[in-house]
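Trainee: Would you mind keeping the following structure in view while I ask a few things?
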Amino acid sequence: QVQLVESGGGLVQAGGSLRLSCVASGRTFSSYGMGWFRQAPGKGREFVAAINWSGGSSYYRDSVKGRFTISRDNAKNTVYLQMNSLKPEDTAVYYCAASRRRYSSSQGAYDYWGQGTQVTVSS
């Protein structure tokens, strides 16, 4: 069983930055693919970014490419999402997720989910 706890959300003006963190319990964090997803009010949850077990490979949804960076520190059991040049349309609850099999843009590939952290970007 893996527990994921996100932090770092908050209120920021458009153009600002935030860094989200997700700390995982357990000793097998380094074997998991990790992903970040988000859910805006009234919308479904969508993929944001994913990273493989070593941190050597990652990919992003088109709308965040060049603005967001996913990274991980396996020694700290933590995955990060650095968000720069934030836009009001980035407002959502952000979730991290862990996959025992692979990193993916598909929610169905993930076995464990955090409780989410709110990000609000004002215009």
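The values are calculated or read from the model by the stated rules, or taken from the named source; none is laboratory data. Computed from a prediction, not measured in an experiment: that's the story for all the values here. A quick note on method: Cβ atoms are made from the backbone with ideal geometry, for glycine too, and the neighbour counts reach across all protein chains shown. These area figures cover heavy atoms from the full protein model, side chains too; ligands, DNA and RNA do not enter into them. Shrake-Rupley method; radii C 1.70, N 1.55, O 1.52, S 1.80 Å.
Trainee: Can you give the net charge of the other residues whose Cβ lies under 10 Å from the Cβ of Ser21, counting K and R as +1 and D and E as -1?
Mentor: 0
Trainee: Turning to a different aspect of this structure: Sequence neighbours fewer than 8 away in the same chain don't count; with that in mind, list the lysines whose C-alpha is under 30 Å from Lys76.
Mentor: Straight-line reach from Lys76, under 30 Å: Lys65, Lys87.
Trainee: If I compute solvent accessible area with a 1.4 Å probe over the protein chains, what percent of it on the chain is carbon and sulfur?
Mentor: Ligands and nucleic acids excluded, carbon and sulfur give 45 percent.
Trainee: Considering amide H positions built from the backbone, and no H for Pro or chain starts, which residues 5 or more places from Thr91, or on another chain, come under 5 Å of its amide H?
Mentor: Those lying under 5 Å, H to H, from Thr91 are Val121.
Trainee: In addition: Under 5 Å between amide H atoms, partner at least 5 residues away or on a different chain: which partners does Arg102 have, H built in plane at 1.01 Å?
Mentor: Those lying under 5 Å, H to H, from Arg102 are Gly33.
Trainee: Which of the aspartates and glutamates could a cross-linker bridge to Lys43, judged by Cα under 19 Å and excluding same-chain residues fewer than eight apart?
Mentor: Asp62, Glu89, Asp90
Trainee: Oh, and also: Which whole-number percent gives the relative contact order of the chain, counting Cα pairs below 8 Å spaced six or more residues apart?
Mentor: Values: 313 pairs, mean separation 43.9, N = 123.
Value for the chain: 36 percent.
Trainee: Which FRET efficiency, nearest 0.05, do Gln3 and Asn84 yield, Cβ-Cβ r, R0 25 Å?
Mentor: Step by step, r from the Cβ atoms, then E = 0.30.
Trainee: Multiply the residue separation of Asn52 and Val23 by 0.36 nm, subtract the distance between their alpha-carbon atoms, and state the gained length in nm to one decimal.
Mentor: The Asn52-Val23 span can extend by a further 8.9 nm.
Trainee: Can I ask one more? Per residue, how much accessible surface does the chain expose to a 1.4 Å probe? Answer in Å², no decimals.
Mentor: Values: 6080 Å² over 123 residues.
Using a 1.4 Å probe on heavy atoms only, each residue of the chain averages 49 Å².
Trainee: Give, as a single signed number, the net charge of other residues whose beta carbon lies under 12 Å from the beta carbon of Val64, with Lys and Arg counted +1 and Asp and Glu -1.
Mentor: With Lys, Arg at +1 and Asp, Glu at -1, the net is +1.
Trainee: Can you give the local net charge around Gln107? Use residues other than it whose beta-carbon is closer than 10 angstrom to its beta-carbon, Lys and Arg +1, Asp and Glu -1.
Mentor: 0
Trainee: Here is a follow-up. Dipole size in debye (nearest 20) for the stretch 1-74 around its Cα centre, Lys and Arg Cβ +1, Asp and Glu Cβ -1?
Mentor: 100
Trainee: Can you give the accessible area of Tyr59, probe radius 1.4 Å, in Å² rounded to 10?
Mentor: The accessible area of Tyr59 comes to roughly 80 Å².
Trainee: How far, in nm, would the chain grow between Gln115 and Asp73 when pulled straight, counting 0.36 nm per residue and subtracting the alpha carbon separation?
Mentor: Full extension of this stretch gives 13.1 nm more.
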